[in-house]
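To start, the structure under review is shown below, and the notes come after it.
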Amino acid sequence: MTRPNEVEARAEALVSRMTLPEKAAQMMQVPYSTVTREEALAWARLGAGSFLHVLGDDARELQAAALSTRLSIPLLFGIDAIHGHGLNENATIFPSQLAAACSFDRALVQAMGRATAREVATDGLHWTFSPVLCLGRDTRWGRIDETFGEDPYLAGEMGAAVIRGYQGDSLGADDSILACAKHYIGYGEAVGARDACDTEMTYRKLREVFLPPFEKAVRAGCATAMTAYGSIDSTPFTACEKVLRGILKEELGFDGILVTDWDNVQALVTRQFAAANIGEASRMAAEAGNDMVMTSLGFYEAAIALVEKGLLDERVIDDAVRRILRIKLRMGLFEKPEKKGVPGCFACEEHLSICEALARESVVLLKNNGALPLNDIKSVAVIGPNADDIRAQYGDWTYFSHPLPDPAREPKRPYATVLEGVRELADESGMRVSYAHGCGILDGSEAELEEAVLAAQNCDAVVLVLGDTLDQHGEGKDRADLALSSAQLTLFRRLRALKKPLAVVLVASKPLCAAEVAQGADALLCAFNGGMFGGRAVAEAVFGRLNPSGKLPISFPRHSGQLPVYYNYLPGWHGGKYMDLPETPLFAFGEGLSYTRYEYSNLTFDTKTFLAAVDVKNAGGMDGTETVQVYFRDLVSSILTPVKQLIAFERVFLKAGDTKRVAFSLCKDDFSLVTPDERRVTEPGDFVLMVGASSKDEDLLNVTFTL
Ligand code: BGC
């Protein structure tokens, strides 16, 4: 790796030698999937800065073309390695970000990032467009699975962890890749969960709620960021100088590459109607602070013309190019353009074991009337549309869905669906397993239903796996209604009527409205998109080989009409509930049971040292891991502040019967708010500190204090 001063000097020297067309080309990121090979080569020879979605020998050919140009500036290759390097079928496919967030496990999420980096680098690539730091608050949005959930603190902690994993100790290492904090900013807050729409967001709210994960990403050294689609108060983010250049670069001190999202510049003309032509759009995007332009290929000529006509200051271009070169230098690409990675690391034992561990920690037990774990039974029926569907279990951003959806594509081993996991474990104890599909996600037939009922009748217990499919989520796939289909509900009712022990498992991209199922089932497990071993982890939980420890990073609504529903809402609702729904979500942020029982006591908080501590006892009969959560509320503040806000958490392993004192080192800033004139301050006055097992009042001990 090149040293910092040397990096600056070399970047500066190169910029000064580059012609205007060379600099404009350096700002381009060309989509390999939508141009011909000849066009791609022509772009490489022009001196394009980067390509996305290109693998193997194709990438090598482009790199050779780039290196044969006058200045031999190496290309950066980017890919969407979103939960593992999943566009490559040989890679380790990890739980989705949302599933991984259920672990609340910084170390394991970092390990996932590390393993992913090694596999991406082994493919010769440099850059993943991950993590997503958007918050998932209106869960009708199609991309909820890509978020770390609804909370800024948790999203920031998980994001910083995975960034550290991707980038390792040094960007120059053969197995490190660039991370990308995206989508900056507010993309998840689009009105009505309509992908890429305008946001109902003020700058105050932006800073208080949506900025903190990006601040943490910058502090973690994240080398790149991606501009969001959408807009704030009708200004497209792509053209928003205050947000991009002002807040991200100048205030937070982000010195990496800011890349637009797919076609953002062209979209200023064709979707947002904020620019009359590509020339105007290019000027707006460059001035606002975008350094690299993903896919809007018209930017190249437009930028050259703008500078030549005196409509764009060349220093804007220079600044962008300097940032791009700086990263290439920090990565050592001029000396070693191709990452070597770690040959043989694809789905290697070490990566698979990280994947397995994360799948285990992401299983959330939401209800249990004692039916689970299933013990002392001779037979079990596994039923349901997602019991044996690896595509649904993987979710978005794998070789089934990208670059183009291909349902006919054969899944690559290893993996285990819930059915396979149950079969494997049942075999070991000589238990009989029956399987029936029961229905599809959206519809079903009477014959399928009958078959499922028959299978269940002949068994001692039923595991029913419901959820959603790839067709129901992803980009541009927002839903108006998150209810389970009537086919799935009918299946549930028919099985419930048999009065056998019934455990329901949700394999889904997001919280679905499953109130009737939650009420009627004896036990409910949430598995989201658990990756390769998600099904096996569920089976282990079902049989008590695993004591569930996952906690929800996102609230479950009772009904789509209740959305958005999140725990850190602002007070003031007259009546405090809809006339036809309780005020609470079906399951709250932070919730998650286990097969043991944890007791909290002796909460203390010292306002001089800002040290909080609490005793946590495993009062049940099974060893387990509890995630202890710390929230606060500012009792009276000059503006509305959330009814509670997470500020710390820790995973604690406790043997049955053991007690540990868990301490948290907090600081004054943890209790701050953002004022209407956009300053972060901690106002003097009374506060409540709450510590416990979830965000629900009844799960929290509290202590009042004055600052
Ligand atoms: C998505 C990004 C992604 C990019 C490249 C866009 O449509 O919003 O998240 O990284 O495409 O695939």
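Starting from the stretch 327-345, take each residue that is among the small types (Gly, Ala, Ser) and list its partners that are part of a loop (DSSP other than H, G, I, E, B), counting only C-beta distances under 6 angstrom and pairs at least six apart or across chains.
Note: pairs meeting the criteria are 332/1; 332/172; 341/175.
Check residue 613 against each of (1) farther than 29 Å from residue 251 by Cβ; (2) free of Cβ contacts under 8 Å to residues at least 12 places away in the same chain; (3) in contact with a Lys or Arg (Cβ under 6 Å, 6 or more places away or on another chain) and name the one condition it does not meet.
Result: residue 613 passes all but (2).
Go through (1) farther than 23 Å from residue 47 by Cα; (2) within 16 Å of the ligand (Cβ to nearest atom); (3) of a type outside the set (Asp, Glu) one by one and return the number of the condition residue 211 breaks.
With (1) farther than 23 Å from residue 47 by Cα; (2) within 16 Å of the ligand (Cβ to nearest atom); (3) of a type outside the set (Asp, Glu) applied to residue 211, the lone miss is (2).
Test residue 159 against the criterion of being over 24 Å from residue 351 (Cβ atoms), crowded, with 24+ Cβ neighbours inside 10 Å, of a type in the set (Gly, Ala, Ser) and within 16 Å of the chain's Cα centre (by Cα), and give yes or no.
Criteria not met by residue 159.
Select from the stretch 176-192 the residues that are within 17 Å of residue 478 (Cα to Cα) and of a type in the set (Val, Ile, Thr) and list them in ascending order.
Passing the criteria: only 191.
Is it true that residue 229 is open to solvent by 30 Å² or more (accessible area, probe 1.4 Å), within 16 Å of the ligand (Cβ to nearest atom) and closer than 18 Å to residue 288 by Cα?
yes
When you look at residue 566, is it open to solvent by less than 70 Å² (accessible area, probe 1.4 Å) and out of contact with any strand residue (DSSP E or B) (no Cβ under 9 Å at 6 or more places or on another chain), yes or no?
Judged against the criteria, residue 566 is a match.
Can you name the condition, by its number, that residue 219 falls short on among (1) within 20 Å of the chain's Cα centre (by Cα); (2) surrounded by fewer than 24 Cβ atoms within 10 Å (Cβ to Cβ); (3) within 16 Å of the ligand (Cβ to nearest atom)?
Only one criterion is unmet by residue 219, namely (3).
Could you tell me which residue of the stretch 496-536 is nearest to residue 472 (Cα to Cα), considering only residues that are free of Cβ contacts under 8 Å to residues at least 24 places away in the same chain and in a loop (DSSP other than H, G, I, E, B)?
497
Condition check: more than 14 Å from the ligand (Cβ to nearest atom) and within 19 Å of residue 53 (Cβ to Cβ). Does residue 297 satisfy that?
Taking the combined requirement at face value, the residue satisfies it.
Looking only at the stretch 268-291, which residues are surrounded by fewer than 23 Cβ atoms within 10 Å (Cβ to Cβ) and within 16 Å of the ligand (Cβ to nearest atom)?
Result: 270, 271, 272.
Looking at the stretch 633-707, what strands (runs of 3 or more DSSP E) fall wholly within it and have at least 1 residues that are in contact (Cβ under 8 Å) with a residue 60 or more places away in the chain?
Here the list reads 645-654, 686-692, 700-706.
Select, from 116, 92, 122, 147, the only residue that is in contact with a strand residue (DSSP E or B) (Cβ under 8 Å, 6 or more places away or on another chain) and closer than 18 Å to residue 344 by Cβ.
116
Hey, can you tell me all the residues within the stretch 342-363 that are open to solvent by less than 10 Å² (accessible area, probe 1.4 Å) and not aliphatic (A, V, I, L, M)?
Those that are open to solvent by less than 10 Å² (accessible area, probe 1.4 Å) and not aliphatic (A, V, I, L, M): 345, 351, 355, 362.
I'd like the residue in the stretch 124-141 that is β-branched (Val, Ile, Thr) and in contact with a helix residue (DSSP H, G or I) (Cβ under 7 Å, 6 or more places away or on another chain) and, out of all such residues, is nearest to the ligand (Cβ to nearest atom).
Here the answer is 132.
Note down all Cβ pairs under 8 Å where the first residue falls in the stretch 569-582 and is assigned to a loop (DSSP other than H, G, I, E, B), the second is of a type in the set (A, V, I, L, M), and they're at least six residues apart or on different chains.
Hits for this filter: 569/643; 570/640; 570/643; 571/640; 571/643; 572/640.
Could you list, ordered by first residue, the pairs with Cβ atoms under 7 Å in which the first is in the stretch 30-42 and over 12 Å from residue 62 (Cβ atoms) and the second is open to solvent by 30 Å² or more (accessible area, probe 1.4 Å), at least 6 apart or interchain?
31/53; 33/53; 33/403
Could you tell me which numbered condition residue 202 fails, if it satisfies all but one of (1) out of contact with any helix residue (DSSP H, G or I) (no Cβ under 8 Å at 6 or more places or on another chain); (2) away from the ligand (no atom under 16 Å from the Cβ); (3) without any contact (Cβ under 8 Å) to a residue 24 or more places away in the chain; (4) β-branched (Val, Ile, Thr)?
Exception for residue 202: condition (3).
Take the residues in the stretch 248-267 that are away from the ligand (no atom under 15 Å from the Cβ) and touching a residue at least 60 places away in the same chain (Cβ under 8 Å); name whichever of them is most open to solvent (accessible area, probe 1.4 Å).
255
Give me the helices (runs of 4 or more DSSP H) completely within the stretch 41-130, filtered to those with at least 1 residues that are open to solvent by 30 Å² or more (accessible area, probe 1.4 Å) and assigned by TED's automatic domain parsing to the domain that holds residue 154, ordered by residue number.
56-67, 106-122
Conditions tested, residue by residue: (1) outside the structural domain of residue 671 (by TED's automatic domain parsing); (2) modelled with pLDDT of 95 or more; (3) under 17 Å from residue 513 (Cα atoms).
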{"site": "546", "(1), (2), (3)": "yes, yes, no"}
{"site": "554", "(1), (2), (3)": "yes, yes, yes"}
{"site": "577", "(1), (2), (3)": "yes, no, no"}
{"site": "590", "(1), (2), (3)": "yes, yes, no"}
{"site": "606", "(1), (2), (3)": "no, yes, no"}
{"site": "611", "(1), (2), (3)": "no, yes, no"}
{"site": "619", "(1), (2), (3)": "no, yes, no"}
{"site": "622", "(1), (2), (3)": "no, yes, no"}
{"site": "627", "(1), (2), (3)": "no, yes, no"}
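On the given criteria, is residue 57 modelled with pLDDT under 95 and either among the charged types (D, E, K, R) or under 20 Å from residue 330 (Cβ atoms) (or both)?
yes
Residues checked against (1) over 26 Å from residue 320 (Cα atoms); (2) free of Cβ contacts under 8 Å to residues at least 60 places away in the same chain; (3) touching an Asp or Glu at 6+ places or on another chain (Cβ under 6 Å); (4) away from the ligand (no atom under 16 Å from the Cβ):
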residue	(1), (2), (3), (4)
143	yes, no, no, no
148	yes, no, no, no
160	no, no, no, yes
167	no, yes, no, yes
182	no, no, no, no
189	yes, yes, no, no
198	yes, yes, no, yes
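Residues checked against (1) closer than 19 Å to residue 211 by Cα; (2) open to solvent by less than 60 Å² (accessible area, probe 1.4 Å); (3) out of contact with any Ser or Thr (no Cβ under 8 Å at 6 or more places or on another chain); (4) modelled with pLDDT under 95:
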{"site": "635", "(1), (2), (3), (4)": "no, no, no, no"}
{"site": "655", "(1), (2), (3), (4)": "no, no, yes, no"}
{"site": "672", "(1), (2), (3), (4)": "yes, yes, no, no"}
{"site": "676", "(1), (2), (3), (4)": "yes, no, yes, no"}
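Can you pull out the residues in the stretch 168-192 that are part of a helix (DSSP H, G or I) and surrounded by 24 or more Cβ atoms within 10 Å (Cβ to Cβ)?
187, 188, 189
The values are calculated or read from the model by the stated rules, or taken from the named source; none is laboratory data. Please read all numbers here as calculations on a predicted model, not as lab measurements. Using ideal geometry, Cβ is built from the backbone for each residue, glycine included, and neighbour counts are taken over all protein chains shown. The area values use the complete protein model at the heavy-atom level, side chains included, leaving out ligands, DNA and RNA. Shrake-Rupley method; radii C 1.70, N 1.55, O 1.52, S 1.80 Å.
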